[in-house]
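Structure first, commentary second.
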Amino acid sequence: MDRYIIAVGGGEIKNKTTLKIDEFVADLAKKHAGEKRANALFFGTASHDSMPYFNSFRKTYTSVFDIKAEVALTVYGEMSTEKVFGKIDLADAIYVGGGDTVYMLGKWAETGIDKKLIEAYGEGKIICGLSAGAICWFENMYSDYEIMRNESAEYKMYKGLGLLKGTACPHFNEREKDFFDACVKENVKNAYCIENDAAIVFKNGEYYKTISSGGKAYFAENIGGKMVKRELL
């Protein structure tokens, strides 16, 4: 079975700005489900289990695409790790919302959810994520972790889960200069750059295609100490 990761640079699912991307994810989930009704599991760890965020997800995936929407609660102890694991086992698609990427990975590591999600990907469950939920699957990710805590005024590079090779930047339309400066400083050889309302689809670990719901995506290479980008189509 093919393995998919759909990395969405940003957008507002509440306002349906990513609807074209969500339609692609929903279609893959339905194919994975076969004759049964597809099940999509939402992780809001990065937003501290924001229920309004989950409700926006549910309104899109259930009301628009007729997919059963479930939520995994991982922050406040409302749901046991065993129950979360059970929900992962039943899911056809796993959607990881935006927010605090480094915090999210730390919470997952405490309970082994990170390893369970890696297993789910290997089993062919569809993986989709927006912003924090997009970049966490890469080897390296460009995050505002310290900015969110008033510890620094800079975005920084952090280690991701490593399912996808390279470095990733979300909200690229807002962060291009800062990101490219950081890439040169850190001697990053190449990177995936994803604007709001755009997604890069990876199939079996390799670039497959880009989906635009209004935004663009790029692949950038460090050439002579300067990042040079080309649009991905």
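The values are calculated or read from the model by the stated rules, or taken from the named source; none is laboratory data. Since we're looking at a predicted model, the values are computed, not measured. Positions of Cβ are backbone-derived with ideal geometry, glycine not excepted, and every protein chain shown enters the neighbour counts. SASA here: full protein model, heavy atoms, side chains in, ligands and nucleic acids out. Shrake-Rupley method; radii C 1.70, N 1.55, O 1.52, S 1.80 Å.
When the residues of segment 31-47 are filtered to those that are basic (Lys, Arg) and assigned to a loop (DSSP other than H, G, I, E, B), the one that is least open to solvent (accessible area, probe 1.4 Å) is LYS36. For segment 145-196, a tally of residues being polar (S, T, N, Q) and at pLDDT below 90 returns 2. Number of residues in segment 85-95 that are in contact with an Asp or Glu (Cβ under 8 Å, 6 or more places away or on another chain) and either part of a strand (DSSP E or B) or open to solvent by 30 Å² or more (accessible area, probe 1.4 Å) (or both): the value is 2. Considering only residues that are touching a Lys or Arg at 6+ places or on another chain (Cβ under 8 Å) and either closer than 15 Å to SER212 by Cβ or charged (D, E, K, R) (or both), which ones fall in segment 174-197? Within segment 174-197, CYS193, GLU195 meet the criteria. Considering segment 70-79, the residues that are of a type in the set (A, V, I, L, M) and touching a residue at least 24 places away in the same chain (Cβ under 8 Å) include one that is nearest to LYS36 (Cα to Cα), namely VAL71. The single condition among (1) part of a helix (DSSP H, G or I); (2) open to solvent by 10 Å² or more (accessible area, probe 1.4 Å); (3) within 25 Å of LYS165 (Cα to Cα); (4) not aliphatic (A, V, I, L, M) that GLY11 does not meet is (1).
ARG58 meets each of the listed conditions (1) under 20 Å from SER212 (Cβ atoms); (2) out of contact with any Pro (no Cβ under 9 Å at 6 or more places or on another chain) apart from (1). Would you confirm whether any residue within segment 133-153 is more than 19 Å from ALA46 (Cα to Cα) and surrounded by fewer than 17 Cβ atoms within 10 Å (Cβ to Cβ)? For segment 133-153, residues more than 19 Å from ALA46 (Cα to Cα) and surrounded by fewer than 17 Cβ atoms within 10 Å (Cβ to Cβ): present. Within segment 80-134, the set of residues being of a type in the set (Lys, Arg) and either touching a Cys at 6+ places or on another chain (Cβ under 7 Å) or in contact (Cβ under 8 Å) with a residue 60 or more places away in the chain (or both) comprises LYS107, LYS125. Take segment 189-233 and flag every residue that is at negative phi, of a type in the set (Gly, Ala, Ser) and open to solvent by less than 40 Å² (accessible area, probe 1.4 Å). Across segment 189-233, the qualifying residues are ALA191, ALA198, ALA199, SER213, GLY215, ALA217, ALA220. Report yes if some residue within segment 96-105 is under 13 Å from LEU161 (Cβ atoms), open to solvent by 30 Å² or more (accessible area, probe 1.4 Å) and either not in a strand (DSSP E or B) or not small (Gly, Ala, Ser) (or both); otherwise report no. Yes, because at least one residue in segment 96-105 is under 13 Å from LEU161 (Cβ atoms), open to solvent by 30 Å² or more (accessible area, probe 1.4 Å) and either not in a strand (DSSP E or B) or not small (Gly, Ala, Ser) (or both). Looking across segment 162-188, the residues that are open to solvent by less than 40 Å² (accessible area, probe 1.4 Å) and part of a strand (DSSP E or B) come down to LEU164, GLY166, THR167, ALA168, CYS169.
For beta carbons closer than 6 Å, sequence separation of 6+ or different chains, a first residue in segment 42-54 that is closer than 15 Å to GLY129 by Cβ and a second that is surrounded by fewer than 16 Cβ atoms within 10 Å (Cβ to Cβ) and modelled with pLDDT under 95, there are no qualifying pairs.
Which residues, taken from segment 216-231, are in contact (Cβ under 8 Å) with a residue 40 or more places away in the chain and of a type in the set (A, V, I, L, M)? Once the filter is applied, which keeps residues that are in contact (Cβ under 8 Å) with a residue 40 or more places away in the chain and of a type in the set (A, V, I, L, M), segment 216-231 yields ALA217, ALA220, MET227.
The set of residues from segment 17-30 being acidic (Asp, Glu) and crowded, with 17+ Cβ neighbours inside 10 Å comprises just one member, ASP22.
In segment 55-84, which residue that is in a strand (DSSP E or B) and open to solvent by less than 30 Å² (accessible area, probe 1.4 Å) is farthest from ASP22 (Cα to Cα)? Ranking the candidates gives ALA72 first.
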